[in-house]
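The values are calculated or read from the model by the stated rules, or taken from the named source; none is laboratory data. All values derive from a computational prediction rather than experimental measurement. A quick note on method: Cβ atoms are made from the backbone with ideal geometry, for glycine too, and the neighbour counts reach across all protein chains shown. Ligands, DNA and RNA are excluded from the accessible area calculation, which covers all protein heavy atoms including side chains. Shrake-Rupley method; radii C 1.70, N 1.55, O 1.52, S 1.80 Å.
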Amino acid sequence: QVQLVESGGGLVQAGDSLRLSCAASGLTFPMGWFRQAPGKEREFVAAISLNGGVKDYADSLKGRFTISRDNAKNTMWLQMNSLKPEDTAVYYCAARSSGATSRTYTSANEYLYWGKGTQVAVSS
């Protein structure tokens with residue numbers, strides 16, 4: 001059983017940056033970030049392969065968000081720059097229990113393990 005714990009959320013102003021962290025209790029395979037805004041469905045943000053060499057982003061977030069991981073530390077990060085009010089959401093990290101070394105997964109139903117989320121609020 002893998003436990004995921006997100007941190008780093010908070011209240012910021014438009015244009016600010018935040019770095020979210022996801023600490024995993026055990027070995028994880030491909031991982032990803034998703035977010036859910038009030039009244040909306042959970043949506044894909046970014047994904048990273050097991051070896052960290054392949055990354056995938058939601059089209060609307062490319063250029064502002066960067067996903068990374070350090071397998072030695074069992075930690076994944078999401079660097080978010082130039083934040084906008086529409087980025088306000090609860091951000092969740094997710095991990096698979098298996099997967100190809102160099103593949104990413106962008107659908108929520110492809111992930112087995114989920115954190116409880118961290119709130120990001122961006123004021124205008």
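Can you figure out the FRET efficiency of Ala37 with Ser68, using R₀ = 25 Å and their beta-carbon distance, to the nearest 0.05?
For R0 = 25 Å, the calculated efficiency reads 0.60.
Going by accessible area, probe 1.4 Å, with all protein chains left in place, what is the ranking of Lys73, Lys55, largest first?
Output order, biggest surface exposure first: Lys73, Lys55.
What distance in nm separates the simple spin-label points at Lys55 and Ala14, each placed 7 Å from Cα in the Cβ direction?
Label-label distance for Lys55 and Ala14, simple model: 2.6 nm.
Taking a probe of 1.4 angstrom, what is the accessible area of Asp59 in Å², to the nearest 10?
Approximately 130 Å² of Asp59 is accessible to the 1.4 Å probe.
Between segment 64-92 and segment 1-34, how many Å separate their Cα centres?
6
Please state the charge dipole magnitude for the chain, taken about the Cα centre, from unit charges on C-beta atoms (+1 on K and R, -1 on D and E), reported in debye and rounded to the nearest 20.
The dipole magnitude comes to about 180 debye.
Could you pull out every one of the lysines with an alpha carbon less than 19 Å from that of Lys55, ignoring same-chain neighbours closer than 8 positions?
Lys73
Top to bottom by accessible area (1.4 Å), largest first, where do Arg64, Arg19 land?
From most exposed to least exposed: Arg19, Arg64.
What accessible surface, in Å², does a 1.4 Å probe find on Met80, ignoring ligands, DNA and RNA and rounding to the nearest 10?
0
Which of the three applies to segment 16-124, rounded, prolate or oblate, going by the alpha-carbon gyration tensor with a ≥ b ≥ c and a/c under 1.5 meaning rounded?
It comes out prolate by the Cα gyration axes.
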